[in-house]
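Everything on this sheet refers to the single structure shown next.
The values are calculated or read from the model by the stated rules, or taken from the named source; none is laboratory data. Predicted model only: the values in this text are computed from it and were never measured. Here the Cβ positions follow ideal geometry from the backbone for every residue, glycine too, while neighbour counts run over all protein chains shown. Protein only, heavy atoms only, side chains kept; ligands, DNA and RNA dropped before computing areas. Shrake-Rupley method; radii C 1.70, N 1.55, O 1.52, S 1.80 Å.
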Amino acid sequence: MIIGLAVFYFYASLPPVTEMLDARTRGSVTLLDRDGKVFAWRGDQFGGQITAETVAPALKNAVIATEDKRFYKHFGVSPRGVASAVRINLREGRGPLSGHGGSTITQQTAKLLCLGVPFDATKWKDENAYETDCRRTTMWRKIKEAVYAMAMEARYSKNEVLTIYLNRAYLGAGARGFEAASERYFGKSANEVNAAEAAMLAGLLKAPSTYAPTNNLERAQNRANVIVGLMEDQGYLTKSQADNARANPAALSDAAAARAGGYFADWVMEAGPNFLTSETTEDVIIRSTFDPRLQTAAEDALKWVFDNKVREGSKAQAAIVVMSADGAVRAMVGGRKTKVSGAFNRATMALRQTGSAFKPFVYAAAMDLGFTPNATVVDEPITLNVPGSGPYTPKNYTKDFKGRVTLTEALKHSLNIPAIRVSESVGRDNVLKVAEDFGIKSDMAVGPAIALGTSESTLLEMTGAYAGILNGGRSVKPYGLIELRLQGEEEPLINQEGGMGERVISENAAYSLIYMMNEVIDGGTGKRAKLPNREAAGKTGTTQAARDAWFIGFTADYVAGVWMGYDDNTPLTGVTGGGLPADIWRETMLRVHDGLPARQLPMIIPIDPKPAPQAQAQPQKQKKKKKKKQDDPAERVLLEVLKSILGNN
């Protein structure tokens, strides 16, 4: 009677099946790339409702064979299964309730439903704490679980119980239910999976994180083979079907296998408000600027350089950003570990000194004020008095002086003293304004050393600022989000915020600067970044004591920035911006441009790009030479006639 009353109590409180299929208290975010294809997920994914009648028969059979082969024969509790589990636990030296539980699918469903106790944010810290509490195993809880399971068997049909289970089970990688898991791992509905895929999904029930194919595909396939064997033993698969499933194991979809864009996905999630991203209670779709091909190119380039050119065991880190000239970010690598989520993103979070990578903004200000690439500046010792600091005597990296040089040569060889002279000539305020207008929003240093990049910035900011040079002198706000909408809705809630803004310098100034930066790669400090048969422009950057090394540059198609250094600011050994960062940039751009036709940079080449050395060394006025009179054809004919007449006489 007591058991009957308890069963009736739970029976009366059970809601309709449709109200019990989505177990989540929070929503999910699905991220689409520039072509509208899924490349990442955030939050707990619910793929949509499936039923025991519509799901692929192989999946239904795999779950029953794995979890409860007598599912259609018991009344919610299997005394034989419990006795068998207790015997196994005792034989293996554990307590009777530790390890194997002997639970039926109905009992497991009761546990997934937390015995009907809903999540209460005032009682539990978060959903994880709630679920942990629900899964505690005590004798009293096992009794309640059994009673609740019998109530479910009385209230629902077997297929309805199985439907709840198929929709609520957690299957790793944030997937709630078999539909979400099938979409996540295989890119198809749970209604369409084959026997091998069904076996892999069913195998996740034992330990979702351990057997998730995105963590270890081989381990997941081995677990699936065990499930295939159970299905064969219980008559769900013939021997030939089982052999075929083993010979053709389930493989991940391209998106799941790539696990691409972890850093990008985390960054673009920050573009929307928390209540629609990290803390959403709705299912959200974000369409982004992400390009999986370019992401793979950047990741492969970084790995290749570290595998082939960096000493083994090095703890140095690196970051890469690839974007279009309008600020649309196409790829982002925030560190050497690329298959991550929630990790520290060195491309967007790390504020580092920019070094000589800042110098293009000095020359941008000069070009905009009427200077030309051929204008000259003296590279010789200089001492400036800095109020509050005293005399400041900058030096070149090479510790020598070049005399009078053109602005192009000064940038090409990254000479420090000319950069400071130009900055002082055009005015530091103008240099600061140009840098800020191009998108460098971090606090700027003051004093003459600003020309040498003593200010800090992020790689994303710097790459966006260089994009402004490429696009002809307009400011750029890097962006990754194109639109955000709720799943099932057509109208977006948020549209793109970012892209090209106001003009910063004139087009002529920008195109002259591009020529100067092209010279940096053609034969200057950035020559290791030179691309075969493709024009490119860029700038190296190395900070004091080589704590940071940069290379940022562009072709006519893409802008890419590379930073390299240690997280703890340890100096790099033997690394400058023109070394390994230039190598990473080159390897990235080679892969990025694979298959793309070469296009010319939009640059203005000076009429006389290399003034005569005599003109540089002796700027005084030269004596004017008489211009040779041009020969007149009519006069020449007349002279020939006169010579002929005079000669005859």
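Odds and ends about this structure:
- Extreme residue, positive dipole direction of region 354-445, given options 361, 398, 375 (C-beta unit charges): 398
- With only Cα atoms counted, region 344-503 has Rg and Dmax values of 18.7, 67 Å.
- Listed values for region 44-54 are Karplus-derived 3J(HN,Hα) couplings in whole Hz (6.51 cos²θ - 1.76 cosθ + 1.60, θ = phi - 60°), namely 7, 8, 10, x, x, 6, 10, 10, 5, 7, 9, and x replaces Gly and Pro.
- Virtual paramagnetic centre 7 Å along Cα→Cβ of residue 495, amide N under 18 Å, in region 467-481: 477, 479-481
- Placing R0 at 30 angstrom, the Cβ-Cβ distance between residue 566 and residue 445 gives a FRET efficiency of 0.90 after rounding to 0.05.
- Around the Cα centre of region 179-279, unit charges on the Cβ atoms of Lys, Arg, Asp and Glu (plus for the first two, minus for the last two) sum to a dipole of about 320 debye.
- Cα convex hull of the chain, projected area averaged across orientations, nm²: 46.2 nm²
- Amide H contacts of residue 479 (H built 1.01 Å from N, under 5 Å, at least 5 apart or other chain): 328, 329, 499
- Share of carbon and sulfur in the accessible heavy-atom surface of region 455-543 [1.4 Å probe, %]: 39 percent
- Our compactness index for region 403-471, the C-alpha radius of gyration over the empirical 2.2 N^0.38 Å, is 1.13.
- For region 394-401, putting each phi into the Karplus relation 6.51 cos²θ - 1.76 cosθ + 1.60 with θ = phi - 60° gives couplings of x, 9, 7, 4, 7, 6, 10, 10 Hz, in residue order, rounded to whole numbers and with x for Gly and Pro.
- Accessible surface of region 246-394, 1.4 Å probe: 50 percent of it comes from carbon and sulfur atoms.
- The residues of region 171-218 expose on average 30 square angstrom of accessible surface per residue, using a 1.4 Å probe on protein heavy atoms.
- Alpha-carbon centroid distance for the pair region 28-43 / region 241-278, whole angstrom: 9 Å
- Counted over all Cα-Cα pairs of region 117-216, pairs farther apart than 15 Å make up 70 percent.
- Between the beta carbons of residue 75 and residue 522, assuming R0 = 60 Å, the FRET efficiency works out to 0.15 to the nearest 0.05.
- In range of the label at residue 257: residues from region 294-317 whose backbone nitrogen is under 15 Å from the point 7 Å along Cα→Cβ: 296
- Selection from 276, 329, 302, by position along the positive dipole direction of region 266-368 (Cβ): 302
- Share of pairwise Cα-Cα distances greater than 13 Å in region 369-414 is 63 percent (whole percent).
- Low-density loop positions, trypsin sites (Lys or Arg not before Pro), region 395-438 - DSSP coil, at most 14 other Cβ in 10 Å: 395, 399
- On the basis of the beta-carbon distance and an R0 of 51 Å, residue 26 and residue 557 show a calculated FRET efficiency of 0.80.
- For region 461-521, diffusion coefficient by Stokes-Einstein and Kirkwood Rh (Cα), 37 °C, 0.692 mPa s, µm²/s: 245 µm²/s
- Exposure of residue 502 as accessible area (Å², to 10), given a probe of 1.4 Å and all protein chains: 140 Å²
- Distance from region 113-152 to region 286-363 (C-alpha centre basis), Å: 45 Å
- Each Lys and Arg adds +1 at its Cβ and each Asp and Glu adds -1 at its Cβ; summed about the Cα centre, the chain shows a dipole of about 1780 debye.
- In order through region 328-345: 3J(HN,Hα) via Karplus (6.51 cos²θ - 1.76 cosθ + 1.60), integer Hz, x for Gly, Pro: 6, 6, 9, 7, 8, 10, x, x, 5, 7, 9, 8, 9, 9, x, 7, 5, 9
- Compactness of region 210-313 is given as radius of gyration and Dmax, 20.2, 56 Å, from Cα positions.
- Here's how it looks for residue 531: its modeled amide H is under 5 Å from none belonging to a residue 5 or more places away or on a different chain.
- Length released on extending from residue 1 to residue 607, taking residue separation times 0.36 nm less the Cα-Cα span: 207.9 nm
- When the alpha carbon coordinates of region 167-232 are projected onto the principal axes, the ranges are 25, 23, 19 Å, largest first.
- Taking amide H as placed 1.01 Å from N in the peptide plane, the amide H of residue 578 sits under 5 Å from that of 541, each at least 5 places away or on another chain.
- Projected over every direction and averaged, the convex hull enclosing the alpha-carbon atoms of region 138-178 yields 3.6 nm².
- Since only 457, 512, 479 are under comparison, the one whose Cα sits farthest along the positive direction of the charge dipole of region 419-519, derived from C-beta charges on Lys, Arg, Asp and Glu, is 512.
- Comparing Cα centroids, region 442-511 and region 521-560 end up 19 angstrom apart.
- The alpha-carbon positions of region 131-278 define a convex hull whose volume is 161 Å³ per residue.
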